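What follows is calculated from the coordinates using simple rules that are stated; it is not laboratory data. In this text, all values refer to a predicted model and were calculated from it rather than measured experimentally. With ideal geometry, Cβ positions are generated from the backbone for all residues, glycine too; neighbour counts draw on all protein chains shown.
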Amino acid sequence: MKIFGRKAQSSLVAHTILVAFSMILIIVILNSLSSIKEEYQDFIGSIEIKEVCHRISSAIDKIYDEPSYWSLTNESMCSIDLALPDRVANINYLVDFNGSDVYVRTTEKPLLNYTCATGYNLTFSGSTTGGMTKISRIDYSNGSTAILLTKI
């Protein structure tokens with residue numbers, strides 16, 4: 001009878017070790033997939049954020065030209081509607097202005113950001129979180145010009 005008892009213990013120990021190794025393997029695989037996802041988001045997110053920044057900067061270039069006259073009233077001169085991505089690398093983001101520069105940053109991890117210069121000494125205001133976005137140019141009667149960024 002003692003031999004039968006040892007075989008049962010041996011089988012139980014073998015199954016316990018098998019379950020433990022299986023759980024360790026699952027944990028290693030999940031950690032590896034998580035690491036790959038973070039690396040993907042860092043790489044793709046940095047490329048997509050740069051693209052969003054340059055699209056907005058290019059749209060500002062298209063709607064702004066040095067005025068040859070000053071309007072006597074405040075006028076909305078022109079605007080462009082942009083279809084920006086809702087998310088970059090599956091991460092929410094925010095676009096706003098930092099002085100005369102366009103500043104794009106993610107709002108959750110991984111934290112990415114990018115700044116691109118517009119090259120204009122204008123008044124910039126507004127922000128967007130992606131999606132349909134309007135960029136408007138407003139000329140004021142005092143000779144100043146403003147660029148307004150709004151989510152549609």
Take the alpha carbon atoms of segment 19-49, find their center, do the same for segment 124-146, and report the distance between the two centers in whole angstrom.
41
Which of H15, H54 has the fewest other C-beta atoms within 10 Å, and how do the rest follow up to the most?
H15, H54
Lone cysteines, the chain (no partner Cβ under 4.7 Å):
C78
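Which number comes out as Rg/Rh for segment 2-151 once both Rg and the Kirkwood Rh are worked out on C-alpha atoms? Walk me through the numbers before you get to the answer.
Working: Rg = 27.6 Å, Rh = 19.0 Å.
In segment 2-151, Rg relative to Rh is 1.45.
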Order these by the 10 Å Cβ neighbour count, fewest first: V104, V95.
V95, V104
Taking each pair of distinct Cα atoms in segment 68-152 once, what is the resulting Kirkwood hydrodynamic radius in Å?
13.9
Would you work out which of I24, L94, I80 lies farthest towards the positive end of the dipole of the chain? Charges go on Cβ: Lys and Arg +1, Asp and Glu -1.
I24
Here the relative contact order (percent) of segment 1-142, from C-alpha pairs under 8 Å and at least 6 apart, is 28
Efficiency of FRET from Cβ geometry, N113 and S34, R₀ 22 Å, rounded to 0.05
0.45
Would you list, by chain and number, the aspartates and glutamates whose Cα falls below 13 Å from the Cα of K109, excluding same-chain residues fewer than 8 positions away?
E38, E39, D42
